[in-house]
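> Here you go, one structure.
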C-alpha cells in the first residue's frame, strides 16, 4: 500500500519517513519531495496501520497528514505523449504546428480588412 505523507517539514529526510513508517511494518520504498512524500508498505494491513498510526504525528517537529496515495495520473491528451505533437496540427501540445495569432518576429504580415462587403 502506498501512502501520501503531507505537511512535511523542510528538514524531513527519507530516513525520517522510513524510520517512522517502519514502526508499523516493512517499508518497500520512500520518495521525498518538497513538503510531501510517499511511503510504500509491503502489505495493505501494514499500510493501514501506518496510515492510522502516523496521521497527526510529528516528524521533525511538524504534524503530518497521511492518506492513501492516489494512482498516478497519466497525461491522456495526445495519447499520453506528454503534450508532444509529432506533426499533428490539431494538437493542444506545445508544438502546435499551425499559426495561432501573430508571430513575435513578423511585422506587417497582416492583411488589412476594409469595410467593403463582397
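> Touching a strand residue (DSSP E or B) at 6+ places or on another chain (Cβ under 6 Å) and at pLDDT 95 or above: is that true of residue 69 in this structure?
So residue 69 passes the test.
> Turning to a different aspect of this structure: Could you check, for region 35-43, whether at least one of its residues is farther than 18 Å from residue 71 by Cα and more than 23 Å from the chain's Cα centre (by Cα)?
Within region 35-43, none of the residues are farther than 18 Å from residue 71 by Cα and more than 23 Å from the chain's Cα centre (by Cα).
> From (1) modelled with pLDDT under 95; (2) assigned to a strand (DSSP E or B), pick out the condition that doesn't hold for residue 79.
(2)
> Quickly run through region 33-69 and pick out the residues that are surrounded by 15 or more Cβ atoms within 10 Å (Cβ to Cβ), touching a helix residue (DSSP H, G or I) at 6+ places or on another chain (Cβ under 7 Å) and assigned to a strand (DSSP E or B).
37, 39, 41, 59, 66
> Of all the residues that make up region 10-32, how many are in contact with a helix residue (DSSP H, G or I) (Cβ under 8 Å, 6 or more places away or on another chain) and touching a residue at least 24 places away in the same chain (Cβ under 8 Å)?
Of the residues in region 10-32, the ones in contact with a helix residue (DSSP H, G or I) (Cβ under 8 Å, 6 or more places away or on another chain) are 20-21, 23-27, 30-32.
When the remaining residues are screened for being touching a residue at least 24 places away in the same chain (Cβ under 8 Å), the result is 20-21, 23-25, 32.
Within region 10-32, residues that are in contact with a helix residue (DSSP H, G or I) (Cβ under 8 Å, 6 or more places away or on another chain) and touching a residue at least 24 places away in the same chain (Cβ under 8 Å) number 6.
> Going through region 33-59 one residue at a time, which ones are at pLDDT 95 or above and within 15 Å of residue 12 (Cβ to Cβ)?
Answer for region 33-59, where residues must be at pLDDT 95 or above and within 15 Å of residue 12 (Cβ to Cβ): 36, 37, 38, 39, 54, 57, 58, 59.
The values are calculated or read from the model by the stated rules, or taken from the named source; none is laboratory data. Everything quoted here is computed from the prediction, not taken from an experiment. Cβ: placed from backbone, ideal geometry, glycine included. Neighbour counts: every protein chain shown.
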